[in-house]
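What follows is a set of notes on a single structure, which appears directly below.
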Amino acid sequence: MHKIRTARPLAALALAGTLAASPALAQRQPPPAPLPARPLEFPAFRETTLPNGLRLIVVENHAHPVASVSLLVGAGSAHVPASQAGLSNILGDVLTRGTTTRTATQLAEAIESTGGRLSAGSATDYTGIYASVLSENLPIAMELVADVAQNASLPDSEVVAIRDRSASQLRQRLADPGTLANRRLAEELYGNHPYGRLRTVESLGTITRPMLAQFYRTYFRPGNALMVVAGDVRAADVEAQARRWFGGWARGETPRLAFSGLPASSPTRITLVNRPGAVQSSIRIGRLGVLPSSADYPALTVMNRVLGGGSDARLFAILREQHGWTYGAYADVDRPVNQGRLVVLADTRTAVTDSAVAEMLVQIRRLTTEPVSDTEMTAAKGYMIGSFPIQILTAEQVAGEVAITRLLGLPISDLLQRRERIAAVTAADVRRVAARYLRPDSLQIVVVGDAAQLLDKLKAIAPVDLVDADGRAMDPSALTVRASTERFDATKLAAGVQEYRVMVQGNPAGTASYTLAREGAGWKRSAVIGFGPLRQTIDATFGAAFEPLVYAETYAGPFEGKVDARVANGRITGTGALPAQMGGAKTYDASAAGAVFGGMDELMLSTADLSTGKTIVIPVFNSSSGSVAPVTYKIGAAESVTVPAGTFQAYRVDVTGGSAPMTVWLKVDAPHVLVKQEIVGQPVVVELTAAR
């Protein structure tokens, strides 16, 4: 469907400012030696425990007249059953929507009267309630945090609204290949471990207020909570306020979380998640890391910095600067309450995906076999030591660092001695932990991309498991493009013009005009799309039975591009010159068997016999990837849709397999004209304004 491709001007427009900044093979200069680290004066703090078990840490920092309160409860996504995944996230959003003593409006007015902020949110291991105010208003902040922690009302109307919005947001995120790659890697690494429990649209849909209330009653207990107050405060005053507002919080036992279910280590494998027609691939390479108390953690962080901790690291220098395969390649070491993980990641063009994976593995193996140079060690440690003071400049930052240290079950010395422990790491330490934890022969690799182009190449690197975007196993034969089995009747076509407007975040951003006219015995579909300064034209010529003949695209404005393709002797051939992120330079040579050009699919659907529950698959040529991929249209229920052209009964159709997942609405009455389109994950709506 051609309007499906109106996402392209957005991507193209975003590229306009970056085309001149393609990766350069710049001369890399060694960094200067860092200056000696200055002594770090960490703010004074005091720890105490209230009689009901609430742990309290007060960090005094009198530099500015502000204070922050962080109440962290040991109840995050890891504590939720897999069938209710997402519950803690919804709870975090609904906590401040009212208590048994204050409405949501009253809570907001109370904190706003101080000029402060009150918020809540949930993570993997905990749920937090946060307030920041001028220090003179600390009693109000503590009162409000205590009210939310002990008396949250969890209004049913708010629960339903947040649940539905969360499901919608998740649908959008699942359209992002990076999100798919991250989720799949978590599943592969953690299996049935609590960290492998990922929310789904289905699990979110089951969540009710009684579930939230039960979770809240079970885990929100003082003995399962830690409060950190930091800023221009006095410890004695804070402790008195804590006893006043939290002293009546009733004790109660909370379940201990069983951290079990980790998969056994296995030989390196690649999980290939198919995104037909994708011009880029998301790559994630991972392995389980360490517990937070591991003595190897400082060396792992230095290793991570050398490998992919920034733009001066090996992965960035080689994959981006040397080869120009990606805009960035990085590595990460996380440190949760239980088992952490090591992750290497990059997004690359489809054509160089296998090369990027192979090079990433080379760099991982290199760390295990070769000593890191003195220059790299100096740069990595210098950055980490020098940046630490910046992380504890404000009262809120100090509170966060102290709270996380305690939540991880670590002594405060882990925080206070962080710079010294980093400074003590040697090149031998880095090589030792790399060999122990990176294990090139036992890695989980996830690639999200066009499997038709990637499968055989990736098989040369490691065994490949092929799955679809929902994680279901696929037979490689499913990658073979087959003609649609649906019957399309081109005799139902009629010449005419359809006009659309393009809205971004509810504001007019462009227009699109589509003209269908006779071309000999066949037809020609012409499109003109204007999006800000960008102008795109598309012409698709086809025969009397929807057989593709000639296709052309042009771009003018912030950048220029051109595509010319035609069908001859059963092949789609031609050339394309597009920005790199839209496919770059292409020489086309793809089988035309059963395939159609973009824009023709919309016309074919307009002539089809549509009904709720029906699924139609049409192989569509993608000029960005240069390949033909099946696009799937799932016909949903009819809805009343109002657009500038009028109000219509239209089928809601979910479209996958194209350049971006989307939802379109097609008129119930034939011809099934496109009335409206929404691109999943983008604030873009296309609406019919006129048809003639």
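Answer yes or no as to whether residue 491 is in a helix (DSSP H, G or I) and either among the β-branched types (Val, Ile, Thr) or out of contact with any helix residue (DSSP H, G or I) (no Cβ under 8 Å at 6 or more places or on another chain) (or both).
Against the criterion (in a helix (DSSP H, G or I) and either among the β-branched types (Val, Ile, Thr) or out of contact with any helix residue (DSSP H, G or I) (no Cβ under 8 Å at 6 or more places or on another chain) (or both)), residue 491 qualifies.
If you take the residues in the stretch 140-164 that are more than 30 Å from the chain's Cα centre (by Cα) and acidic (Asp, Glu), which one is surrounded by the fewest Cβ atoms within 10 Å (Cβ to Cβ)? Only one residue tops the list, namely 143. Residues that are over 30 Å from residue 385 (Cα atoms) and of a type outside the set (Val, Ile, Thr) number at least 2 in the following strands (runs of 3 or more DSSP E) confined to the stretch 257-368: 269-274, 280-288.
Does the stretch 228-240 hold any residues that are of a type outside the set (Lys, Arg) and surrounded by fewer than 22 Cβ atoms within 10 Å (Cβ to Cβ), and which are they?
232, 235, 236, 237, 239, 240 - these are the residues of the stretch 228-240 that are of a type outside the set (Lys, Arg) and surrounded by fewer than 22 Cβ atoms within 10 Å (Cβ to Cβ).
Residue count for the stretch 577-589 under the criterion of being in a strand (DSSP E or B) and touching a Lys or Arg at 6+ places or on another chain (Cβ under 7 Å): the result is 2.
Every condition in (1) in contact with a Lys or Arg (Cβ under 8 Å, 6 or more places away or on another chain); (2) surrounded by fewer than 21 Cβ atoms within 10 Å (Cβ to Cβ) holds for residue 569 except the one numbered (1).
Residue 217 satisfies every condition listed in (1) out of contact with any helix residue (DSSP H, G or I) (no Cβ under 9 Å at 6 or more places or on another chain); (2) assigned to a loop (DSSP other than H, G, I, E, B); (3) among the charged types (D, E, K, R) except (2). Sort out which residues of the stretch 480-511 are at pLDDT 95 or above and among the β-branched types (Val, Ile, Thr), and write them in order of number. The answer is 497, 502, 511. Scanning the stretch 594-630 for residues that are β-branched (Val, Ile, Thr) and surrounded by 24 or more Cβ atoms within 10 Å (Cβ to Cβ) turns up 596, 618, 620. Screening the stretch 102-127 for residues that are buried (at least 18 other Cβ atoms within 10 Å of the Cβ) and touching a strand residue (DSSP E or B) at 6+ places or on another chain (Cβ under 6 Å) and picking the one that is nearest to residue 196 (Cα to Cα) gives 126. So residue 28 clears everything in (1) modelled with pLDDT of 75 or more; (2) basic (Lys, Arg); (3) not assigned by TED's automatic domain parsing to the domain that holds residue 155 except one condition, right? Which one? Condition (1) is where residue 28 drops out. When residue 599 is tested against (1) at pLDDT below 95; (2) under 18 Å from residue 276 (Cα atoms); (3) under 27 Å from the mean Cα position of the chain (by Cα), just one condition goes unmet, and that condition is (3). Flag: residue 545 matches the condition of being touching a helix residue (DSSP H, G or I) at 6+ places or on another chain (Cβ under 8 Å) and either outside the structural domain of residue 650 (by TED's automatic domain parsing) or under 19 Å from residue 629 (Cα atoms) (or both). Of the residues making up the stretch 334-350, those that are touching a Ser or Thr at 6+ places or on another chain (Cβ under 7 Å) and of a type in the set (S, T, N, Q) are 348, 350.
Suppose the filter is outside any loop (DSSP other than H, G, I, E, B), assigned by TED's automatic domain parsing to the domain that holds residue 443, under 23 Å from residue 442 (Cα atoms) and in contact (Cβ under 8 Å) with a residue 60 or more places away in the chain; does residue 371 pass it? The answer is no for residue 371.
Return a yes/no flag: does the stretch 511-518 have any residue that is crowded, with 21+ Cβ neighbours inside 10 Å, outside the structural domain of residue 320 (by TED's automatic domain parsing) and more than 34 Å from the chain's Cα centre (by Cα). So far as the stretch 511-518 goes, no, none of its residues is crowded, with 21+ Cβ neighbours inside 10 Å, outside the structural domain of residue 320 (by TED's automatic domain parsing) and more than 34 Å from the chain's Cα centre (by Cα). Within the stretch 174-227, if we keep just the residues that are among the small types (Gly, Ala, Ser) and closer than 19 Å to residue 162 by Cβ, the residue that is surrounded by the fewest Cβ atoms within 10 Å (Cβ to Cβ) turns out to be 205. Under the condition of being among the aliphatic types (A, V, I, L, M), modelled with pLDDT of 95 or more and in a strand (DSSP E or B), the residues counted in the stretch 634-664 number 8.
Consider the stretch 545-566 and keep the residues that are without any contact (Cβ under 8 Å) to a residue 40 or more places away in the chain and under 30 Å from residue 487 (Cβ atoms). The one that is surrounded by the fewest Cβ atoms within 10 Å (Cβ to Cβ) is 547.
Of the strands (runs of 3 or more DSSP E) entirely within the stretch 501-544, those holding at least 1 residues that are among the aliphatic types (A, V, I, L, M) and more than 22 Å from residue 675 (Cα to Cα) occupy 534-542. Can you tell me which residue is nearest to the chain's Cα centre (by Cα) among those in the stretch 470-488 that are part of a loop (DSSP other than H, G, I, E, B) and not charged (D, E, K, R)? If we take residues in the stretch 470-488 being part of a loop (DSSP other than H, G, I, E, B) and not charged (D, E, K, R), then 471 is nearest to the chain's Cα centre (by Cα). Checking the structure you have, find out if any residue of the stretch 413-424 is of a type in the set (A, V, I, L, M) and without any contact (Cβ under 8 Å) to a residue 40 or more places away in the chain. Taking every residue of the stretch 413-424 in turn, none turns out to be of a type in the set (A, V, I, L, M) and without any contact (Cβ under 8 Å) to a residue 40 or more places away in the chain. Cβ separations smaller than 7 Å between residues 6+ apart or across chains give the following pairs from the stretch 609-633 residues that are without any contact (Cβ under 8 Å) to a residue 40 or more places away in the chain and over 20 Å from residue 561 (Cβ atoms) to residues that are in a strand (DSSP E or B) and among the basic types (Lys, Arg): 615/634. So in the stretch 519-536, with the set limited to residues that are under 39 Å from the mean Cα position of the chain (by Cα) and loosely packed, with under 15 Cβ neighbours inside 10 Å, which one is farthest from residue 594 (Cα to Cα)? So the residue we want is 533.
Checked against (1) closer than 30 Å to residue 469 by Cα; (2) of a type outside the set (A, V, I, L, M); (3) not assigned by TED's automatic domain parsing to the domain that holds residue 366, residue 254 passes all but condition (1).
The values are calculated or read from the model by the stated rules, or taken from the named source; none is laboratory data. Computed from a prediction, not measured in an experiment: that's the story for all the values here. Positions of Cβ are generated from backbone atoms using ideal geometry, with glycine treated the same way; all protein chains shown enter the neighbour counts.
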